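Asks: Pasting a structure below so you can have a look.
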Amino acid sequence: MAPYRRAMTYHHHTGPAIVTRGLTRHFTSRKQTVEAVQGLDLEIGQGELVAFLGPNGAGKSTTLRMLTTLIPPTAGSASVAGHDVVTAQRDVRRAIGFVGQGNGAGHRQLGRDELISQGRAHGLSRADARRRAAELVEDLDLAAVADRKVSSLSGGQRRRLDIAMGLVHLPRVLFLDEPSTGLDPQNRANLQELIRRLHAESGSTVVLTTHYLEEADALAGRVVVVDHGRVIADDTAARLKSGLGDLVRLGFGSPGDAARAAARLERVPDARIEVDGPSLDLRVKDGSALVGELLADLTADGVPPSRVEVARPTLDDVFLDLTGRSLRETQSTDSPTGSTEIESEVAA
Amino acid sequence: MSTFVQDTVNVMNRELKPVWREPMAVVFAMIQPLVFLGLFAPLLPEMAAGDSALQWFVPGIVAMTALMGASFTGANLMEEMQSGSHERQLVSPLGRPALLVGRALKEVVPMLMQVAIIVLVVTPFSFDLHLGGVLAAALVLSLFSIGIGALSFALALASKGEDWMFWTIQQTLLFPALLTAGVLLPVDGAPRWLEVVSMLNPMTYVVDATRALFAGTFPVDVVAQGVLGAGIVAALGLAVGVRAMRRSS
Ligand SMILES: Nc1ncnc2c1ncn2[C@@H]1O[C@H](COP(=O)(O)OP(=O)(O)O)[C@@H](O)[C@H]1O
Ligand SMILES: [Mg+2]
């Protein structure tokens, strides 16, 4: 794959891969106006891997649809790979790959035919389109299914085919809308690995949307948290979380012991303490490093905890901290991780 | 080759892939006209002077097959709108007009296959095959199919993926178009209003020209009107279709 990639030399644009200025989109249906995206100001550099994270309805797809020329903005502007998404649609389309929420490959078609046809659409010669399709089939492990009707493929296979379709022309910017939604955990993990590898190998800019916290956390160098059509945070996952501190949860024999321990722990600088019956939550920076010392102190004071848990902050905690709502509330498929407790605690 | 031609050929080839791979689907799509043929043909009255009724009826069935096949085709686009592959094509550099024109042109192929099947089926019976006339009629019907196909795609785009809307409108228009064109029964002697509707229906002229050509005759005025009727459908269909495709998102 690599030699072919180098052969295509159109990386002439040097500015940021994506710039948006006050990008806004309203929908009006039945006289009701939905402000799907509200004044998005964003700059994404070439080669970045960015995740838009937000609950369903946050405006992620609408943003991607504007950036990929599918719908025009109501207000504001955006450029992708140096081309304006309204006035230079064809240039934008030539430069980008798009893997939408549905299936890019037609259900009545054969996978390989779709790859070739997509290559032809991007101006490859018949021979080049065939060669490129063969490369992608090989690279994305589609050999066993590429010559079958798309409707007979499994969800994971179809998703890989969709991604292959988005890569046919070695796009400078690749957009993926909820790439792993609907996949089982194993396939989701494989897909994340694939995206990570493609990004590392190609040096393309990759923008994906997700409502899976773990996905944004595991994949992206940069996480743009979106809610109600606005960006509410934009940083690396590590930095977003480091502001919050670890959660140290201590269990005691009785509520009285918990209250006494809380009084002792008042001294810990910059800590937030919540007592709920015999249980005590302490949120503090570097809590995992402090916990040994804390236990020694409490034991010396005669209130040794009977149970200790330390949890690193998650992106859900970040979202909760910013919005007062848990992102997991909107997810039906995820494992129950006790996040509801955390939610009531901080919301209180 | 211009980008438009290249894109159109690309879109048309893609649409034809399933047709070549599963030609039986083309036969299944014409079950209804074939049933009409089988049921009605024995009921047809004998005509005067050795004219077989089949000779009159078959061209109508051929036109009906063309109309049905092409008017159903929007359902394929609808499916692609729902699955996401239409969206994928919209994000590719393929021109909007090519996305519509390529699809509409493809309609000619299944139509020709169906005409061939009908002619093969009826030739052993009291139907005289005039090959030149059939081929000339196929040209007129090709124009007609392109136009009807384009209108069907426009309807699919306007329905925004709502199946019920597409099928309701398609079915509502289909049978009046067939009946007023005189496909199954002659419109001669019908009430005045029906005659007017029939005169305004471009398909009427397509059917008349097909009948004349299938009979091995070449009345220039009838054939010219048929070409004009089909041409109007094609021009209107492509104009409306391209407009709908440009607005598609
Ligand atoms: N075509 C549309 N017509 C009306 N409302 C829409 C349309 N597309 C999206 N919306 C609304 O815009 C908001 C954002 O939707 P979307 O961008 O799909 O969110 P996300 O992808 O983050 O789940 C939602 O309230 C949604 O209902
Ligand atoms: Mg979405």
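The values are calculated or read from the model by the stated rules, or taken from the named source; none is laboratory data. The structure displayed is predicted, hence computed values, not measured ones. Cβ atoms come from the backbone with ideal geometry, glycine included; neighbour counts cover every protein chain shown. Calculation scope for accessible area: heavy atoms of the full protein, side chains included, ligands and nucleic acids excluded. Shrake-Rupley method; radii C 1.70, N 1.55, O 1.52, S 1.80 Å.
Asks: Does residue B:41 satisfy being open to solvent by 20 Å² or more (accessible area, probe 1.4 Å) and under 26 Å from residue A:153 (Cβ atoms)?
Replies: Criteria not met by residue B:41.
Asks: So which of A:62, A:33, A:20, A:87 is open to solvent by less than 40 Å² (accessible area, probe 1.4 Å), among the β-branched types (Val, Ile, Thr) and more than 16 Å from ligand 2 (Cβ to nearest atom)?
Replies: Sole residue among the options that is open to solvent by less than 40 Å² (accessible area, probe 1.4 Å), among the β-branched types (Val, Ile, Thr) and more than 16 Å from ligand 2 (Cβ to nearest atom): A:20.
Asks: Let me ask something else about it. Restricting to region A:227-239, what's the tally of residues that are touching a Leu at 6+ places or on another chain (Cβ under 7 Å) and in a helix (DSSP H, G or I)? Working first, answer last.
Replies: Taking region A:227-239 and keeping what is touching a Leu at 6+ places or on another chain (Cβ under 7 Å), we get A:231-233, A:237.
From what's left, in a helix (DSSP H, G or I): A:237.
Count: 1.
Asks: Looking at A:237, A:258, which one is hydrophobic (A, V, I, L, M, F, W, C), at pLDDT 90 or above, buried (at least 16 other Cβ atoms within 10 Å of the Cβ) and away from ligand 1 (no atom under 16 Å from the Cβ)?
Replies: From the options A:237, A:258, the qualifying one is A:258.
Asks: Let me ask another. Taking only region A:103-117 into account, find how many residues are over 29 Å from the mean Cα position of the chain (by Cα), under 19 Å from residue B:6 (Cα atoms) and either open to solvent by 50 Å² or more (accessible area, probe 1.4 Å) or more than 7 Å from chain B (Cβ to nearest Cβ) (or both).
Replies: 1
Asks: Given the criteria among the β-branched types (Val, Ile, Thr), in contact with a strand residue (DSSP E or B) (Cβ under 8 Å, 6 or more places away or on another chain) and within 16 Å of ligand 1 (Cβ to nearest atom), does residue A:268 qualify?
Replies: No, not satisfied.
Asks: Going by the conditions given, is residue A:100 within 16 Å of ligand 2 (Cβ to nearest atom) and within 14 Å of chain B (Cβ to nearest Cβ)?
Replies: The answer is yes for residue A:100.
Asks: Out of the residues in region A:83-97 that are under 25 Å from the mean Cα position of the chain (by Cα) and of a type in the set (A, V, I, L, M), which is nearest to the other protein chains (Cβ to nearest Cβ)?
Replies: Initially, region A:83-97 is screened for residues under 25 Å from the mean Cα position of the chain (by Cα), giving A:83-85, A:92-97.
Adding the requirement that they be of a type in the set (A, V, I, L, M) leaves A:85, A:92, A:95-96.
Values: A:85: 11, A:92: 9, A:95: 10, A:96: 7 Å.
Checking each candidate, the answer is A:96.
Asks: Further, regarding this structure: Could you please give the count of residues in region B:185-203 that are in contact (Cβ under 8 Å) with a residue 12 or more places away in the chain and farther than 21 Å from residue B:45 by Cα?
Replies: 6
Asks: Search region A:196-210 for residues that are β-branched (Val, Ile, Thr) and pair each with any residue that is within 16 Å of ligand 2 (Cβ to nearest atom) and part of a helix (DSSP H, G or I) when their beta-carbon atoms are under 6 Å apart and the residues are at least 6 apart or on different chains.
Replies: Short answer, once both residue conditions are applied: A:209/A:60; A:210/A:216.
Asks: Report yes if some residue within region A:193-208 is within 16 Å of ligand 1 (Cβ to nearest atom) and assigned to a loop (DSSP other than H, G, I, E, B); otherwise report no.
Replies: Scanning region A:193-208, I find no residue that is within 16 Å of ligand 1 (Cβ to nearest atom) and assigned to a loop (DSSP other than H, G, I, E, B), so the answer is no.
Asks: Starting from region A:94-114, keep only residues that are touching a residue at least 24 places away in the same chain (Cβ under 8 Å), then list their pairs with residues that are among the basic types (Lys, Arg) and part of a loop (DSSP other than H, G, I, E, B) whose Cβ atoms are within a distance under 8 Å, requiring at least 6 positions of separation or different chains.
Replies: Close Cβ pairs (under 8 Å, with a partner that is among the basic types (Lys, Arg) and part of a loop (DSSP other than H, G, I, E, B)) amount to A:95/A:172; A:96/A:172; A:110/A:148; A:111/A:148.
Asks: Separate question: Can we say residue A:75 is among the small types (Gly, Ala, Ser), away from ligand 2 (no atom under 16 Å from the Cβ) and either away from chain B (no Cβ under 14 Å) or at positive phi (or both)?
Replies: Yes: the conditions hold for residue A:75.
Asks: Against the definition (surrounded by 15 or more Cβ atoms within 10 Å (Cβ to Cβ), under 17 Å from the mean Cα position of the chain (by Cα) and over 18 Å from residue B:100 (Cβ atoms)), how does residue B:172 come out, yes or no?
Replies: So residue B:172 does not fit the description; no.
Asks: Same structure again: Got a sec? Which helices (runs of 4 or more DSSP H) wholly within region B:1-88 have at least 1 residues that are within 24 Å of residue A:151 (Cα to Cα) and not hydroxyl-bearing (Ser, Thr, Tyr)?
Replies: The helices (runs of 4 or more DSSP H) meeting that bar are B:3-21, B:24-28, B:53-72, B:74-83.
Asks: Report yes if some residue within region B:204-222 is open to solvent by 40 Å² or more (accessible area, probe 1.4 Å), in contact (Cβ under 8 Å) with a residue 60 or more places away in the chain and basic (Lys, Arg); otherwise report no.
Replies: no
Let's see how each residue does on (1) within 16 Å of ligand 1 (Cβ to nearest atom); (2) in contact with a Lys or Arg (Cβ under 9 Å, 6 or more places away or on another chain):
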{"residue": "A:65", "(1), (2)": "yes, yes"}
{"residue": "A:69", "(1), (2)": "yes, yes"}
{"residue": "A:81", "(1), (2)": "no, yes"}
{"residue": "A:88", "(1), (2)": "no, no"}
{"residue": "A:93", "(1), (2)": "no, no"}
{"residue": "A:98", "(1), (2)": "yes, yes"}
{"residue": "A:103", "(1), (2)": "no, yes"}
{"residue": "A:108", "(1), (2)": "no, yes"}
{"residue": "A:113", "(1), (2)": "no, yes"}
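Asks: Exactly one of these conditions fails for residue B:82: (1) within 10 Å of another protein chain (Cβ to nearest Cβ); (2) open to solvent by less than 10 Å² (accessible area, probe 1.4 Å). Give me its number.
Replies: Tallying (1) within 10 Å of another protein chain (Cβ to nearest Cβ); (2) open to solvent by less than 10 Å² (accessible area, probe 1.4 Å), residue B:82 fails exactly one: (2).
Asks: Quickly run through region A:118-144 and pick out the residues that are hydrophobic (A, V, I, L, M, F, W, C), open to solvent by less than 40 Å² (accessible area, probe 1.4 Å), more than 11 Å from chain B (Cβ to nearest Cβ) and assigned to a helix (DSSP H, G or I).
Replies: A:133, A:136, A:137
Asks: Further question: Inspect region B:144-155 for any residue being touching a helix residue (DSSP H, G or I) at 6+ places or on another chain (Cβ under 7 Å), hydroxyl-bearing (Ser, Thr, Tyr) and modelled with pLDDT under 95 and give the result as yes or no. I'd like the intermediate steps shown before the answer.
Replies: We begin by selecting, within region B:144-155, every residue touching a helix residue (DSSP H, G or I) at 6+ places or on another chain (Cβ under 7 Å); these are B:144-155.
Right, trim to hydroxyl-bearing (Ser, Thr, Tyr) and you get B:145, B:152.
Going one step further and asking which of them are modelled with pLDDT under 95, we end up with none.
The answer is no; no qualifying residue exists.
Asks: Please specify each residue of region A:156-179 satisfying the condition of being buried (at least 24 other Cβ atoms within 10 Å of the Cβ), within 16 Å of ligand 2 (Cβ to nearest atom) and part of a loop (DSSP other than H, G, I, E, B).
Replies: Within region A:156-179, A:179 is the sole residue that qualifies.
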